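Let me begin by presenting the structure, written as C-alpha cells, before commenting on it.
The values are calculated or read from the model by the stated rules, or taken from the named source; none is laboratory data. None of these values were measured; they are calculated from a predicted model. Reconstructed Cβ throughout: ideal geometry from the backbone, glycine too, with neighbour counts over all protein chains shown. We work out accessible area using only protein heavy atoms, side chains counted, and drop any ligands, DNA or RNA first. Shrake-Rupley method; radii C 1.70, N 1.55, O 1.52, S 1.80 Å.
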Amino acid sequence: MALSETPRFSDITTIAVGGRIARFVEPTTRAAFLEAVIMADTTGKPLCVIGGGSNMLVSDDDFDGVVIRDARREISVLDEVTPVEEGADPSVTISATAGVHWDDFVAYCVRMGLAGVEALSGIPGTVGASVVQNIGAYGQEVASTVSSVEVWDREERTVKTLKSDELQFSYRDSLLKRSMYTNGAHSAPSRYFPSPRYIVLEVTFTLKHATHNTVNMTQLARALNVTVGQDFEIGEIRRAVLDIRAGKGMVEDEHRYMNHWMKDTVVSSEIYDTMSLEDEDRNRYSCGSFFMNPILSQEVADTLPQDAPRFDAELPDGSKGIKTSAAWLIDHAGFKPGYKIDESSRAGLSTKHTLSLTNRGDARAVDIIELARVIRDGVRQTYGVTLVPEPVFIGVEL
Ligand SMILES: Cc1cc2nc3c(=O)[nH]c(=O)nc-3n(C[C@H](O)[C@H](O)[C@H](O)COP(=O)(O)OP(=O)(O)OC[C@H]3O[C@@H](n4cnc5c(N)ncnc54)[C@H](O)[C@@H]3O)c2cc1C
C-alpha cells in the first residue's frame, strides 16, 4: 500500500500527533486478524496493534512497520440476562472482541442491567487495550471484572486463554503491558514493542445482574449526593461519571470521528451527548493522564509536604508503598492548568487540570515531549520524585 493510502498516526490517535504509517490493516474477522499479526511478525517489521490510539504518543517520522486495527465489534452475552430470583447467583458472563469501542461496551452493559464497569464510562479506547493497561477510574478497575483474555501468543505462535490470576494486573499494569518492555513500563523495549507479546483477541468479563452498584469514590459520591460505600442506580452512575469527565475535558473530541480514518470505529456511544460540535475543545486532544500517580516507599513519601495526598498502595516487589498524586506534584511544582513553555507553544497542560498534556493545535511529538521533559524535571527538582509517563512512546523518548 502506498503511503498516501494509509493514515498518519495523527489521524488515529487522540492527541492527534504522529507520522505516516507504511502499512495499515483493518481485519474484520478473527482469522484475518490472526493472519495479519502472523504476516507482520514474519516480515520482521515493527508491529503496532492499535485500538483507539488514546494511550500512545508517536514520533512525527514515518512508521516503517505494520499497524493493525481490529475492526470486529462483537459483544456476546454467554449467560441468559434475565432478572435473577432472590438468592440466585447474579453473575453474568459477557465477551467482547478486542476492537469494540470501550464506551460502547459500557453503554451496552448498563442498558442490559449488568453492573461492574459503569464507573469506567467515557474512557476512550477499546476493549482489547483495556486489559493491557488495566484501565481504572472513579473507584473501579477493569481487572476486577475480567475473568479471562483470549490472546495470540507471538512467542509460542498459538492462541491461549489467560485467566484473570495469570494476567498479573496491578495499577495501570499487566503481564500484557510488561511484555512490551524488558524491565517494566518505559524500560528498554522488548522485541514485541510497540505491542505486547500477547495480542488480545477477545475479553471475557463476569458482571453482576443488578440495577445498583456501590459508589467507591468521593468525587463521584459527592456528585450523586451519597456517601462512599452506598449503592446507586448504575445508569445514574454512568451519567454522573460522563458529566464529571466532560467537565474536565477527559473524554474524546467528537471531531476526530469526522476524520475518514476514524469513521465507523464507534457504534452508539453516548459520550457525544456531552460534546458540542461547534465548540472544539483542545483540552480533549490528549493521551489522558500523561504521568502515572507515583507509588513511593514510606521513606520517600515522608519527604513530601504534609498536605500531599497519600493513599496505601503496593510497590512492585509487593511491599507496602504510598501512592501520591501526579497532578498534585505537577501543580505544586509550579505548573498550573494551561501552562505552556511559552505563549506560542503548540503543546500545553489542559486548561482544566494538570493531568493532561494537550495538543493546542498542530503540535508535533517533539512539542509534547519538550513540555513533558520540563514538567518531569521540575517535579524532580522540587520533590525528588521522577514521574513515569502512562502512554506508550513510539519513536520518541523522554
Ligand atoms: C481523554 C482521555 C481520558 C482517559 N482517561 C482514562 C482513565 O480514566 N483511566 C484510564 O485507565 N485510562 C484513561 N485514558 C487512557 C486510555 O484511554 C486507555 O489506556 C485505553 O485503554 C487505551 O485504549 P486504546 O484502544 O486507545 O489503546 P491504544 O492507544 O490504541 O494502544 C495502547 C497500547 O495497547 C496496545 N493494544 C491495543 N490493542 C491491543 C490488542 N488488541 N492486543 C494487544 N495490545 C493492544 C497497543 O499496541 C499499545 O501498546 C484516557 C485517555 C484519554 C485520551
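For the reader, a short list of remarks on this structure follows.
- Among the residues of segment 352-366, just one is free of Cβ contacts under 8 Å to residues at least 60 places away in the same chain and closer than 18 Å to Arg20 by Cβ, namely Asp362.
So that you can scan it fast, the table gives a plain yes or no per residue for (1) more than 24 Å from Asp89 (Cβ to Cβ); (2) outside the structural domain of Ser95 (by TED's automatic domain parsing); (3) open to solvent by 60 Å² or more (accessible area, probe 1.4 Å):
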{"residue": "Arg191", "(1), (2), (3)": "yes, no, yes"}
{"residue": "Pro194", "(1), (2), (3)": "yes, no, no"}
{"residue": "Val200", "(1), (2), (3)": "yes, no, no"}
{"residue": "Leu207", "(1), (2), (3)": "no, no, no"}
{"residue": "Val215", "(1), (2), (3)": "no, no, no"}
{"residue": "Ile234", "(1), (2), (3)": "no, no, no"}
{"residue": "Ala240", "(1), (2), (3)": "yes, no, no"}
{"residue": "Gly249", "(1), (2), (3)": "yes, yes, no"}
{"residue": "Val267", "(1), (2), (3)": "yes, yes, yes"}
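- Members of segment 27-76 that are open to solvent by 20 Å² or more (accessible area, probe 1.4 Å), more than 19 Å from Met180 (Cα to Cα) and among the charged types (D, E, K, R): Arg30, Glu35, Asp60, Asp61, Asp62, Arg73, Glu74
- Boolean, Asp307 is out of contact with any helix residue (DSSP H, G or I) (no Cβ under 9 Å at 6 or more places or on another chain), open to solvent by 20 Å² or more (accessible area, probe 1.4 Å) and without any contact (Cβ under 8 Å) to a residue 24 or more places away in the chain: no
- The single condition from (1) in contact with a Lys or Arg (Cβ under 7 Å, 6 or more places away or on another chain); (2) not assigned by TED's automatic domain parsing to the domain that holds Asn134 that Glu254 fails is (1).
- Near pairs, Cβ below 8 angstrom, 6+ apart or cross-chain, from segment 23-37 (closer than 11 Å to Trp152 by Cα) to any residue that is of a type in the set (Phe, Trp, Tyr) and at pLDDT 95 or above: Leu34/Trp152; Val37/Trp152
- Taking the conditions (1) farther than 20 Å from Asp60 by Cα; (2) part of a loop (DSSP other than H, G, I, E, B) in turn, Arg376 satisfies each one other than (2).
- Just one of (1) modelled with pLDDT under 95; (2) polar (S, T, N, Q); (3) surrounded by 16 or more Cβ atoms within 10 Å (Cβ to Cβ) fails for Ser286. It is (1).
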